[in-house]
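Written out below as structure tokens is the structure these notes cover.
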4 protein chains.
Amino acid sequence: MAGNSFGKLFRFTSWGESHGPAIGCVVDGVPPGIELAEPDIQHWLDRRRPGQSKFTSQRREADAVRILSGVFEGRTTGAPVSLMIENLDQRPKDYSEIKDLFRPGHADYTYFKKYGVRDYRGGGRASARETAVRVAAGAIARKLLEKEVSAEVAVRGAMVQMGPHEIDRERWDWAEVEANPFWCPDAETAAAWADELEAVRKAGSSVGAIVEITASGLPAGLGEPVYDKLDADIAKAMMSINAVKGVEIGSGFAGVLERGEEAHDEMRMEKGRVRFLGNKAGGTLGGISTGQDITARFVVKPTSSILIPRRGVTVGGKNAEVVTKGRHDPCVGIRAVPVGEAMMACVLADHLMRHRAQCGGPQSSS
Amino acid sequence: MAGNSFGKLFRFTSWGESHGPAIGCVVDGVPPGIELAEPDIQHWLDRRRPGQSKFTSQRREADAVRILSGVFEGRTTGAPVSLMIENLDQRPKDYSEIKDLFRPGHADYTYFKKYGVRDYRGGGRASARETAVRVAAGAIARKLLEKEVSAEVAVRGAMVQMGPHEIDRERWDWAEVEANPFWCPDAETAAAWADELEAVRKAGSSVGAIVEITASGLPAGLGEPVYDKLDADIAKAMMSINAVKGVEIGSGFAGVLERGEEAHDEMRMEKGRVRFLGNKAGGTLGGISTGQDITARFVVKPTSSILIPRRGVTVGGKNAEVVTKGRHDPCVGIRAVPVGEAMMACVLADHLMRHRAQCGGPQSSS
Amino acid sequence: MAGNSFGKLFRFTSWGESHGPAIGCVVDGVPPGIELAEPDIQHWLDRRRPGQSKFTSQRREADAVRILSGVFEGRTTGAPVSLMIENLDQRPKDYSEIKDLFRPGHADYTYFKKYGVRDYRGGGRASARETAVRVAAGAIARKLLEKEVSAEVAVRGAMVQMGPHEIDRERWDWAEVEANPFWCPDAETAAAWADELEAVRKAGSSVGAIVEITASGLPAGLGEPVYDKLDADIAKAMMSINAVKGVEIGSGFAGVLERGEEAHDEMRMEKGRVRFLGNKAGGTLGGISTGQDITARFVVKPTSSILIPRRGVTVGGKNAEVVTKGRHDPCVGIRAVPVGEAMMACVLADHLMRHRAQCGGPQSSS
Amino acid sequence: MAGNSFGKLFRFTSWGESHGPAIGCVVDGVPPGIELAEPDIQHWLDRRRPGQSKFTSQRREADAVRILSGVFEGRTTGAPVSLMIENLDQRPKDYSEIKDLFRPGHADYTYFKKYGVRDYRGGGRASARETAVRVAAGAIARKLLEKEVSAEVAVRGAMVQMGPHEIDRERWDWAEVEANPFWCPDAETAAAWADELEAVRKAGSSVGAIVEITASGLPAGLGEPVYDKLDADIAKAMMSINAVKGVEIGSGFAGVLERGEEAHDEMRMEKGRVRFLGNKAGGTLGGISTGQDITARFVVKPTSSILIPRRGVTVGGKNAEVVTKGRHDPCVGIRAVPVGEAMMACVLADHLMRHRAQCGGPQSSS
């Protein structure tokens, strides 16, 4: 059972290599009657697209998506939605010098050990290029959530740490996120990061980051205990993104420092409804959504492709020095923000449908 | 699609509530010809069993497992293996006073919101009791790995932090792990934890923990990109354990502090084989195992059932004060160690079979 | 991916061998709030139970089912429902003489080729004993359909041919089905079958049968094109029953004799609703239910265990003569009737939930 | 869980409507190292292509397949293989007059009831056009079987009955199958069918057919009891093909006429191997392959699009007379032959991988 599908009821199956003619996915299980057109997806792809600032890869891709099926007269039909994005800027020559190299921190070694095949053209399936497809599928998940839950549903991400430099949460401003090249919710920190990252870039080095995703407007009741808990599926979704090495929900690892009387969100009745007095849980209890914001954070390791020479080996079994020239992303965490949002949206869409199958609701508000 | 099955090819489906007559699981996909008898499973259940020190719940359960199918003359037949553990110490009266309460940090609120049913007898499916079944399934996964890979495969866990107190990794000793009630690999730290936890227990409070799981002896090539990466499935497995709020692989969140030239394991040829000069990756690259040790850590929040009064609400919608008397686990992280090991073993068994299906190997060494 | 689970959203996983201590299943995905108690399941098991006339196996089993989880205060909770039936009448000695034999028409040869294991105690998983579990799961599926669709839903079966002798459809009477040992809807034919089958039994031979299952009261819209069409899943369900060698829907194979103008059900408007002028389609078009009765037929081959000597081989690779003494079912098609009903109910429950997940309805009438 | 994927380990997900820009599928789980190029697939698509004789639809499609991913330097890489076929001859005007009609025997009524959407352009997902994708996936399955089992594996189909006219099995000649427009293995019958079908076509009517698929060269041991038996999955595969109303394995429905002593294939040892003295079982016992030829037959109902007026209703709820002009296939059974072969190949490839996952073999002969 190969692993190129994500989700169970809202399920997308992706395909395509970084240096093939195109990439794409098939989204099966999309409810009928959702308004959907290419610009709805293109909007989110444009946000993710590389080459938009000097801080992300200079690969230039239009990333123009085509809907090949499943939509008729502007609405989904219930049939699978096939999406395709052509690869325009393949530039295979850039990579010819690494044809015979296994690079530290890259997946080329393990792909070769697993499949016995050496596709030396570039990252192949392991390339960040694949994440465009996630963003496209996530755009459909967003539309689904808006229709089947409420137009108030929002899935938003931000970069909250770059290297050792954290944002100041007191200054959090969602509007700021769209205003700087880091998806940073804090303008002062964004300015500092710009200087910092420029230095990293010039040094031919790279730096890690922490990304935070928040989903609001979702009902209580999503999540399928005991193995497909909502937070378990979110953890999987985030960890499946390239270069992610850790995921946490709510207070996460910091919670180890708290005592039991601090760690749990107390409850009060307010106007006939339960109100939680905090959200250390990150929006889930027992793996089921509480109706509060769902918050997840993940860490993205520093880019492995750097200009500083590192020790690697050749496919033929010789020691070698590796320097990765060509395009360079000094902080791949930046590009992970729209991807994390998309994966969160997909998990939520899937769990909404799973919940509806067994428990019959929550129903569409339309 | 309810969530009571784990794994795709090595797949177990669990059932049972904390206060029903029994709990159990069906493990489907077990290869034929594996030597298996009840003591092979009982050994691991005994390790996990609560009530073994004053630091874990005083619920007394024999946790005696029965194999009801799938084994003939001491070997698996390829048919599903059904395991059952009777619940002896159900003590429903202990819980009668919380019949109408939604307690902070507990899953009873979200289960009620999801299913519309109030099973007031106790934790039900959300109880830590369910994790006995994971340990039982994990015991079969271990046997599978030993037969189909090598007797050298080892999946081991340890508690590496309790509250703010970390172990000293210089003193790591696997033998020590079995010698103290904390699965602590460092004897000095274990002694300090004992004092600390006694104070926590007397205060009626609780404390969080960080658990580390290591799997060694596995081949390179396990993991199914791009959505069922090995680390993604490990993240899901760990996050699905009760009270876990974060998971990391290799250097995890700490990696955000490193530059690109520090963060990636360099490689050298040694006696004709690739040797990595470190294991910051935690044994996976691109979601596929490298052949090094696989290391994951997860954080367990402090027990929510404490003696210190907290604010909750009643099922009927009134504010209430909650004090959880009865059994008390001041650090549930302790009991999570064998569970984390078991989940790691299950993930690896599943991925071994998935790899074998598509790529034809690695084959049994027997 | 072993094959001991059936269904996707309403999903049961079965376990147990004919000569082990028990058989059972776990039903995951059962909606919460369904009234369910052991007698609701026992009723259907009693109908299926062997040893009720001289025409079915003399194995005597109480087939008493226990619900071990998933039900609280008489209603399902949404948690998995675990069912167990103990094997009382194992009589292993009956089978000792066939310990080393591969018998014609039996699965023991192929199980050995597949798994490399010889469980000589009896049919193991291939025994008709396994079908008790299907009937138990089917009883829950019926409850689900009654609650989530309507109390009018009925899934009923009948034997319509035994050897060369067909019923007269003009005399079809559902009440008669419960009144004879053949589930025959035609009293005259039942009487003739009794004589015929007594002769077959005395001759130590066996005879095939055709069974017909009808489901009524279901809405239009069930079925998941293009690979999980409703009729495709029904075909799989029926073909998975022991000894079944063919399945047809609606006019089935007889339809080859019709011209296009005869083969398709015409439609008229009647009181504002579409009425079909026939049901040659058997209740599905394009793999989706039309709202008419769903009808499927399947053929059950003659019992392979007969008293007439046949040529087989030994496990050790020698020619041998095989005579199966002991219990004898001259027409296993009889016992397949309740099993076919149960499988139909399970397929429909699963598709109801699948439809609800994507399309949001039809909703519960309660 | 929508139904546009087929198979579990060798799994294809299809997309596309008859009147959209293209159709295609993603095949996930393809083992690495299989030689594969577009002509390997095109060969089988060309066999299926309509418009090749006056007896099949005059829609003219080049059906030129493109491989968009998963192949590098002429071999599969283990990544998903994406296939796309553009729709050239969409001719939407042909269908404009049926825009508001629900036609007898068509799926347009049930699709509308299920999804609430009316795609009036043509058959959409229910069109026979979708089956081109099955043939393409089947071509990859064939390559897989040839590499992983043996070059001797053959999956072949033939039409064995048209309307009431059966072939003479004494004259069966596989070479003849490719020599007439009916895939008829018997030249004399083919000639008679030509006259017969010409008369049907001129009458504006249509006729049913029975197709037989045979797979040879497969090992014993394929099939996953007890619900994913090989014959159960074959039944599902065949029943999922448009217009199929019945499936049988081996002696099938005719077996009801046999006594137990006739119905089961006896065994003898021959040169140290088991030899069956017949193949009434159709190559499976207990749902597992015996190593003999696997034979399945299915019935295809007469085309529902005919020139003879039939009673239907309009989308708006009025009675109407329906005549389907435009392209006309007087016997859609003809085009089902390559589709049935392809589905058989896909089932076998999937089960080979499933068997290998659990039992470790049979292994590649290469």
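The values are calculated or read from the model by the stated rules, or taken from the named source; none is laboratory data. Model, not experiment: these values are computed from the prediction. Quick reminder, even Gly has a Cβ in these numbers, built from the backbone with ideal geometry, and neighbours come from all protein chains shown. The area values use the complete protein model at the heavy-atom level, side chains included, leaving out ligands, DNA and RNA. Shrake-Rupley method; radii C 1.70, N 1.55, O 1.52, S 1.80 Å.
Table for the structure above
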| item | result |
| --- | --- |
| Filtered residue count, the stretch C:199-216, keeping only those that are in contact (Cβ under 8 Å) with a residue 12 or more places away in the chain and either more than 7 Å from chain D (Cβ to nearest Cβ) or part of a helix (DSSP H, G or I) (or both) | 10 |
| Qualifying residue in the stretch C:145-164 (condition: in contact with a Leu (Cβ under 8 Å, 6 or more places away or on another chain) and part of a helix (DSSP H, G or I)) | yes |
| Of all residues in the stretch A:305-316 being in a loop (DSSP other than H, G, I, E, B) and open to solvent by 30 Å² or more (accessible area, probe 1.4 Å), the one that is nearest to the other protein chains (Cβ to nearest Cβ) | A:Ile308 |
| Verdict on B:Ala139 being open to solvent by less than 10 Å² (accessible area, probe 1.4 Å) and in contact with a His (Cβ under 9 Å, 6 or more places away or on another chain) | yes |
| Residue that is most open to solvent (accessible area, probe 1.4 Å) [pool: residues in the stretch B:142-165 that are of a type in the set (Gly, Ala, Ser) and touching a strand residue (DSSP E or B) at 6+ places or on another chain (Cβ under 7 Å)] | B:Ala154 |
| From D:Val135, D:Val149, D:Val155, residue being over 20 Å from the mean Cα position of the chain (by Cα), more than 10 Å from chain C (Cβ to nearest Cβ) and under 30 Å from D:Ala79 (Cα atoms) | D:Val149 |
| Breaking point among (1) on the phi < 0 side of the Ramachandran plot; (2) open to solvent by 20 Å² or more (accessible area, probe 1.4 Å); (3) in contact (Cβ under 8 Å) with a residue 12 or more places away in the chain, for D:Lys245 | (2) |
| Residues of the stretch B:16-52 classified as of a type in the set (Lys, Arg) and under 23 Å from B:Gly78 (Cα atoms), total | 0 |
| C:Tyr115 being of a type outside the set (Gly, Ala, Ser), within 14 Å of chain D (Cβ to nearest Cβ) and touching a helix residue (DSSP H, G or I) at 6+ places or on another chain (Cβ under 7 Å) | yes |
| Residue that is surrounded by the most Cβ atoms within 10 Å (Cβ to Cβ) [pool: residues in the stretch B:182-216 that are of a type in the set (Asp, Glu) and more than 16 Å from the chain's Cα centre (by Cα)] | B:Asp186 |
| Index of the failed condition, A:Pro219 passing every other in (1) of a type outside the set (Gly, Ala, Ser); (2) in a loop (DSSP other than H, G, I, E, B); (3) surrounded by fewer than 21 Cβ atoms within 10 Å (Cβ to Cβ); (4) under 15 Å from the mean Cα position of the chain (by Cα) | (4) |
| Filtered residues of the stretch B:294-346 (kept if closer than 16 Å to B:Cys184 by Cβ and of a type in the set (Gly, Ala, Ser)) | B:Gly333, B:Ala336, B:Gly340 |
| Strands (runs of 3 or more DSSP E) within the stretch C:1-78 that include 3 or more residues in contact (Cβ under 8 Å) with a residue 40 or more places away in the chain | C:11-15, C:22-28 |
| Unmet requirement for A:Ala179, which otherwise passes all of (1) surrounded by 15 or more Cβ atoms within 10 Å (Cβ to Cβ); (2) not in a helix (DSSP H, G or I) | (1) |
| Qualifying residue in the stretch C:283-292 (condition: outside any strand (DSSP E or B), over 23 Å from the mean Cα position of the chain (by Cα) and closer than 27 Å to D:Arg201 by Cβ) | yes |
| Any hit, the stretch D:102-109, residues being within 14 Å of chain C (Cβ to nearest Cβ), part of a strand (DSSP E or B) and at pLDDT 80 or above | yes |
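One line per residue, one yes/no per condition, for (1) within 14 Å of chain D (Cβ to nearest Cβ); (2) at pLDDT 95 or above; (3) crowded, with 16+ Cβ neighbours inside 10 Å; (4) closer than 26 Å to D:Gly223 by Cβ:
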position	(1), (2), (3), (4)
C:Arg11	yes, yes, yes, yes
C:Ile34	no, yes, yes, no
C:Ala37	no, yes, no, no
C:Arg48	no, no, yes, yes
C:Asp89	no, no, no, no
C:Lys93	no, no, no, no
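One line per residue, one yes/no per condition, for (1) more than 29 Å from A:Phe102 (Cβ to Cβ); (2) of a type outside the set (Ser, Thr, Tyr):
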| site | (1), (2) |
| --- | --- |
| B:Leu285 | no, yes |
| B:Ile288 | no, yes |
| B:Phe298 | yes, yes |
| B:Val315 | yes, yes |
| B:Glu321 | yes, yes |
| B:Thr324 | yes, no |
| B:Ala342 | yes, yes |
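Yes/no per residue for (1) buried (at least 23 other Cβ atoms within 10 Å of the Cβ); (2) closer than 22 Å to B:Ser305 by Cβ; (3) at the interface with chain B (Cβ under 8 Å from one of its Cβ atoms); (4) at pLDDT below 95:
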{"residue": "A:Pro225", "(1), (2), (3), (4)": "yes, yes, yes, no"}
{"residue": "A:Met238", "(1), (2), (3), (4)": "yes, no, yes, no"}
{"residue": "A:Ile249", "(1), (2), (3), (4)": "yes, yes, yes, no"}
{"residue": "A:Ala254", "(1), (2), (3), (4)": "no, yes, no, no"}
{"residue": "A:Gly260", "(1), (2), (3), (4)": "yes, yes, yes, no"}
{"residue": "A:Ala263", "(1), (2), (3), (4)": "yes, yes, yes, no"}
{"residue": "A:Val274", "(1), (2), (3), (4)": "no, yes, yes, no"}
{"residue": "A:Asn279", "(1), (2), (3), (4)": "no, yes, no, no"}
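Yes/no per residue for (1) under 25 Å from D:His106 (Cβ atoms); (2) in contact (Cβ under 8 Å) with a residue 40 or more places away in the chain; (3) among the hydroxyl-bearing types (Ser, Thr, Tyr):
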position: C:Asn279; (1), (2), (3): yes, no, no
position: C:Leu285; (1), (2), (3): yes, no, no
position: C:Gln292; (1), (2), (3): yes, no, no
position: C:Val323; (1), (2), (3): no, no, no
position: C:Gly326; (1), (2), (3): no, yes, no
position: C:Cys331; (1), (2), (3): no, yes, no
position: C:Arg335; (1), (2), (3): no, yes, no
position: C:Val339; (1), (2), (3): no, yes, no
